[in-house]
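Let me begin by presenting the structure, written as structure tokens, before commenting on it.
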Amino acid sequence: MDTTSYKQTSFGLFVPSHIADQLQHLDMTTCTLYESHLRNVGKAESTVEKYGRFIRHFVLFLGDHCLSVSYVRAWLEKLKKTRHINTVNNAVSALNGFFKWLDRADCTVSFFPSQEPQYREDRRNLEKAEFDRMLTVADERMRTLLLTFFGTGIRVSELKFFTVESVRAGKIVVENKGKTRMVFLDPETKAHLIGYCERKKITGGVIFRNRSGGALSRSFIWRALKALARKAHVELSKVFPHNLRHLFAVERYKAEKDLDGLRLDMGHSLISTTQRYLKETAEKHYERVMKRGALTEGQKKNPTIAAG
């Protein structure tokens, strides 16, 4: 008895499944359907956008070729030449889920070995002075937006929950990544937001809105921040929404030295996640070591310092 399973190909013929799999082509319609699937299973919009971006880039790379694991590996190797290994592994995660949905587990690949970086990248380290420079050249909406990120440490996807009603109450219920948390406003941030609403005559609903009244999109905010960085003469690599979250973490920890409190502010389940935001750059660590050496030399020259 023939137990071979058959599939219908895109050109209408029924062929054995193992052959049909080798003849599968991908297009943007398939990508759109998968993005809809991710939304239906409750994935955050930011995750859908990120995974969709990786998958669409792969489909463009694949072109008219049939899907196979060799093309998957070739694209990932190409990606490795220009992207950080963590970004490449994000792409692996996106593609593996996509291939399982397509019933093409034969195209899934393993994650690349990676090591947690010891330092924060200098080129992405936004200083408070640079942030202040951006504030001075920002218009009223962007200034209020910057102060909101700096005062709360929220993710850009959480901004849509900032309504006039929730800000007046001083606490915002945020739903993100399948979790619900409370964001509390300090008096200064609350005053900034209420003042902005009063001046702009925003009496209810989402505060940061587009012309049609909906919440500002992630892409709009990203572009607006880049434009502001150019105007303030701040390196573009340092200015993007999530880096404002990093700046919040660093400055809040400097002021309070309360790691668990910072964990709650940022909505993390684990302190180890929060600690990643507090990494020093190699340059700052070097400066600290040099100061330590200068102090030791001073103690040698003046023993009373060490004795004290």
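Within the range 160-243, the GluC sites (Glu not before Pro) that combine a DSSP coil assignment with at most 15 other C-beta atoms in a 10 angstrom radius are 235.
Report the charge-dipole magnitude of the range 104-201 in Debye, nearest 20, computed about the Cα centre from +1 at each Lys and Arg Cβ and -1 at each Asp and Glu Cβ. Mind dumping the intermediate values first?
Values: 19 positive and 15 negative charges, 76 e Å.
Dipole size: approximately 360 debye.
Give the residue list of chymotrypsin sites (Phe, Trp or Tyr not before Pro) in the range 87-136 that are DSSP loop and have at most 14 other beta-carbon atoms within 10 angstrom. Within the range 87-136, the qualifying chymotrypsin sites (Phe, Trp or Tyr not before Pro) (loop, at most 14 other Cβ atoms within 10 Å) are 111, 119. The computed Cα extents along the principal axes in Å for the structure shown corresponds, within [x] 93, 61, 36; [y] 74, 55, 46; [z] 69, 41, 39, to [x]. Name the longest site-free stretch of the chain, where the excluded sites are trypsin sites (Lys or Arg not before Pro) in a DSSP loop with no more than 11 other beta-carbon atoms within 10 Å. The segment 82-200 is the longest one with no such site.
Can you give the FRET efficiency to the nearest 0.05 for residue 235 and residue 103, using r as the Cβ-Cβ distance and R₀ = 45 Å?
Details: r = 45 Å, r/R0 = 1.00.
Approximately 0.50, to the nearest 0.05.
Pairs spanning more than 22 Å between alpha-carbon atoms, out of 201/231; 160/200; 50/171; 257/279; 128/279; 50/81: 201/231; 50/171.
The numbers here are math on the coordinates, done by the rules we state, and not lab data. Bear in mind the structure is a predicted one, so any value in this text is a computation, not a measurement. Cβ: placed from backbone, ideal geometry, glycine included. Neighbour counts: every protein chain shown.
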